[in-house]
Amino acid sequence: MSIHQPPATPTERIVAEIWCDVLELDEVGVLDNFFEVGGYSMLMQLVRAQIAERTGVRPTLPELFIHSTIRSCAAFLDGSATGGTAEGGTAKGVSAKGVTAKGGSVTAGTAAERASDGGTVRETDIAVIGLACRFPDAVDTDRFWHNLVSGVDSISRFPPKSIPGPGGGKREYVPARGLLREPEWFDAGYFGYTPREALLTDPQHRVLLECAVEAIEGAGYDPDRFPGLIGIYAGCSLSSYTETLRARQQEDHSITTWDILMGTTSDYLASRIAYKLGLRGPTANVQAACATSLYAVHFAARALIAGECDLALAGGSSVRLPAELDNYRVGGITSPSGVCSPFDTAADGVVGGQGCGITVLKRLSEAVADGDHIHAVLRGSAVNNDGRDRAGFTAPGVRGQVEVVGAAQRAAGVTPSSITYVEAHGTGTRVGDPIEVAGLNQAFDDGEPRAEPCLLGSVKGNIGHLDAAAGIAGFIKTVLAVERGTVPPSLHYSVPNPDIDFAAGPFVVVTEPTPWEPVGQPRRAGLTARGLGGNNAHIVLEQPPAPRPRAESEDHQVLVLSAHTPAALDELTARMAGRLAERPELELRDVAWTLQVGRRQHGYRRFAVVRDREDALRVLGGGAPERLVGGDHARDGRAVALVLPQAAGAEVVRHWQALGLDPDLTLGPDCDEAAIGAALDTPGRVFLELGAPGTAARLREHPRWTPEHIVVTVTDSLAALGELWLAGLPIDWAAARAQPTHPQLAHTEPASTNPARRVPLPGYPFQRQPYLLEAGPAVQPSSSAPGAGPNTERTVSMLFTEMLGLPEVDPEDSFFDLGGDSLVANELVGRLEQLLPVRLEVRAMYDAPSVREFTALVEEQLRAEAVRRD
């Protein structure tokens, strides 16, 4: 609290009188903060009007927000304020013409002179190699981009409502929000969740989990086969699902406090993804209010630079169910019109939204070397807080923003004048936008000449303010703009907000899709996110380097596809055919390579050997079904035997070992029946037949041959690799491409002379179902306590279905095969002890995992208890 000091100058007395009138106070001190003694933005507009009337000076709202005490406001009005903070003075490192490093020893200009625009890769440059999102009207980044460049407003609006207004009247507003389509739908089976676990997990966690799979597959990497560490930094909004679960808990006592904690708390958002995807790098939840997901990107980039991981995921999710539509309050920040209009004179507040986004980052030097698809380069980033130099805890400041933008530009080694687009936080509030632009004007005033203005936009006009996911929404938009060379329009802008001083800076709001080709320099953008509480984040992005030239290829390729279910495999095949048809620039070798090394390997598989793009379209489209070879017999750990002709030598064995196989025996044409029988004693063994058809025939005719055994005859090298992969054997696809001289691999060419690249391909086709609990009475299962007998199995079966969230359970199925784990088993045993007079350890579930086996164990205890009583 400030010490009360009375006004000392004529202007201080005028401002104090105005404050007392507007705030209905008897007295105020000159060091009191307007927003801490009862003021808010609407009242500040009344203050501004009275100041103009009594002093002849008409300050802007941002200037009054910056000078939010009587003393600083009076000094400003008298022309003695130096600007920059609420109490005057310039920020450390902020000069009149730009931003310098601490101590002023390194300017952005000299740093830029050291950086090269000619393709030099700095150690701190980070490649953006994967993107995934679910935003209003957009299930993926392609649809999101289409909506952006088409100027689609994705806000859902509902019939007007009214609330009590000032003076006993009514104030009308339009309920509006950017809504996801079916956010409660989720592919529980893909992630090994039981239906009950899915129901107890917050939808915003589930949506981000699916997006994480799409992002890392889009980057062309399988976490199970990635040799380095993968980290994840993510955050989400406050869970509203917690309230729903607690309401249901009152009626359904099977829902425990532990269930609610594990299923909805943000602490477990990132670690849940790390567990389900098998990520072993640093895993951290990030919370920075509306700047959460851009903070996550900053931390992920810093972790890569520090060598703490080799890939990093970063993003955020905000999906509150049920959606909040009736949150308008007079004097609040929510728009009564239901329209978000950043930078416009009609701006009247924020429109909220649901959404989720995530990116995959990698050190640029390694991304280039590995042939990754690079969407953009993250040149530099910075985060900070406004501290006390602002109007109030929830109000934005100018000094912090100027400093964070300057710090990011220094980290990027660029000058402000080299940046030609800024994606602003741009919430569409009457005061917030002017304050943000005022800060940008200061940060970008480096005194350097500009050949063209700096374009300005905000995605919130399209999809609303996504809270914890707001930063990643702006990030994905900006990455796509940097990559594709078009700046999408910023919606609902026609007449500038009169409190924004556009004349004082280089910025022009984009109102239509604008080609973006700066003269003599790469496309370069700044991106800002600001959070309530003073959190600021800024990132500098640059267009990606051009791919290295390479020779054309006309080789045959093997396309491999796998999925968790047959339906998903069919849909994935159709999606792949669609992508090849839509994107004729995709090279078949790149598509094949990405499918081979950049997708998780599932049980249902199919492959095809194709000669060119047209052939691939025909086969994947069903035009040659005999060439699309499929099966569900993939198994880990199959033993391999080589069936060799008489003349084959050790070189052949070494060759197939180099491709990832580990044969444990060889069979020749003169092997005896005992050797064949011994080989067939290993269940599921694969026999790779390399020119000895007679031996293969003897194997199939032997009495120990079973349908689980497989013979792969090598007549076509790529088809053989496909057959081996179909069986579940680990193929080293890089080694296969690197060994062109072997006669059995005549189709391939050396990877070193003509490397394949990873390319973005369609994401996994999740087979979703709805999982959503709603507040209200739950149907309770019977809690009768039967003794030993037929009812025991009924009770055990009821507990299996209840704990697993299944409609019914086969009495022979294993609890753990159905999706149960030790925590759920512990709950089941606890519930059973409430219903029956038994005492069991959780390990009993592992000894007797089916309903029938567990029932027998329970009945044995019940009989023993009856004997003890007698």
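The values are calculated or read from the model by the stated rules, or taken from the named source; none is laboratory data. Computed from a predicted model, the values in this text were never measured in an experiment. Positions of Cβ are backbone-derived with ideal geometry, glycine not excepted, and every protein chain shown enters the neighbour counts. Note: accessible area is taken over every heavy atom of the protein model, side chains too, but ligands, DNA and RNA are not part of it. Shrake-Rupley method; radii C 1.70, N 1.55, O 1.52, S 1.80 Å.
Could you go through the stretch 400-423 and let me know if any residue there is at pLDDT below 95, under 20 Å from SER41 (Cβ atoms) and open to solvent by less than 10 Å² (accessible area, probe 1.4 Å). Yes, the conditions are met somewhere in the stretch 400-423.
Scanning the stretch 584-616 for residues that are in contact (Cβ under 8 Å) with a residue 12 or more places away in the chain and open to solvent by 50 Å² or more (accessible area, probe 1.4 Å) yields PRO584, GLU587, GLN601, TYR604, ARG611, ASP612, ARG613.
Would you check if there is a residue in the stretch 170-188 being hydrophobic (A, V, I, L, M, F, W, C), modelled with pLDDT of 95 or more, open to solvent by 20 Å² or more (accessible area, probe 1.4 Å) and assigned to a strand (DSSP E or B)? Yes, that holds for at least one residue. Just one of the numbered conditions (1) buried (at least 24 other Cβ atoms within 10 Å of the Cβ); (2) touching a Leu at 6+ places or on another chain (Cβ under 7 Å) is not true of VAL508: (1).
Exactly one residue out of LEU541, LEU480, LEU455 is of a type outside the set (D, E, K, R) and either surrounded by 24 or more Cβ atoms within 10 Å (Cβ to Cβ) or closer than 25 Å to THR394 by Cβ (or both), and it is LEU541. A single member of ASP433, ASP445 is more than 28 Å from GLY178 (Cα to Cα) and at pLDDT below 95, and it is ASP445. Of the residues making up the stretch 273-308, just one is open to solvent by 10 Å² or more (accessible area, probe 1.4 Å), touching a Pro at 6+ places or on another chain (Cβ under 7 Å) and of a type in the set (A, V, I, L, M), namely LEU279. Taking the stretch 24-58 as the range and being buried (at least 20 other Cβ atoms within 10 Å of the Cβ) and in contact with a Lys or Arg (Cβ under 6 Å, 6 or more places away or on another chain) as the test, only VAL30 passes.
Close Cβ contacts (under 8 Å, 6 or more residues apart or on different chains) running from residues in the stretch 399-425 that are touching a residue at least 12 places away in the same chain (Cβ under 8 Å) and closer than 14 Å to ARG450 by Cβ to residues that are in a loop (DSSP other than H, G, I, E, B) and among the basic types (Lys, Arg) comprise SER417/ARG450; THR420/ARG523; TYR421/ARG523. Helices (runs of 4 or more DSSP H) fully within the stretch 255-336 that include at least 2 residues being closer than 30 Å to GLY830 by Cα and not polar (S, T, N, Q): 257-264, 269-277.
Here GLY231 meets the list (1) open to solvent by less than 20 Å² (accessible area, probe 1.4 Å); (2) assigned to a loop (DSSP other than H, G, I, E, B); (3) closer than 27 Å to PRO760 by Cβ almost entirely, failing just condition (2).
There is no residue in the stretch 679-686 that is acidic (Asp, Glu) and under 11 Å from VAL640 (Cα atoms). If the condition is being open to solvent by 10 Å² or more (accessible area, probe 1.4 Å), in a loop (DSSP other than H, G, I, E, B) and more than 12 Å from ARG196 (Cβ to Cβ), then the stretch 810-847 contributes ASP810, PRO811, GLU812, ASP813, PHE816, ASP817, PRO837, ARG839, LEU840, GLU841, VAL842.
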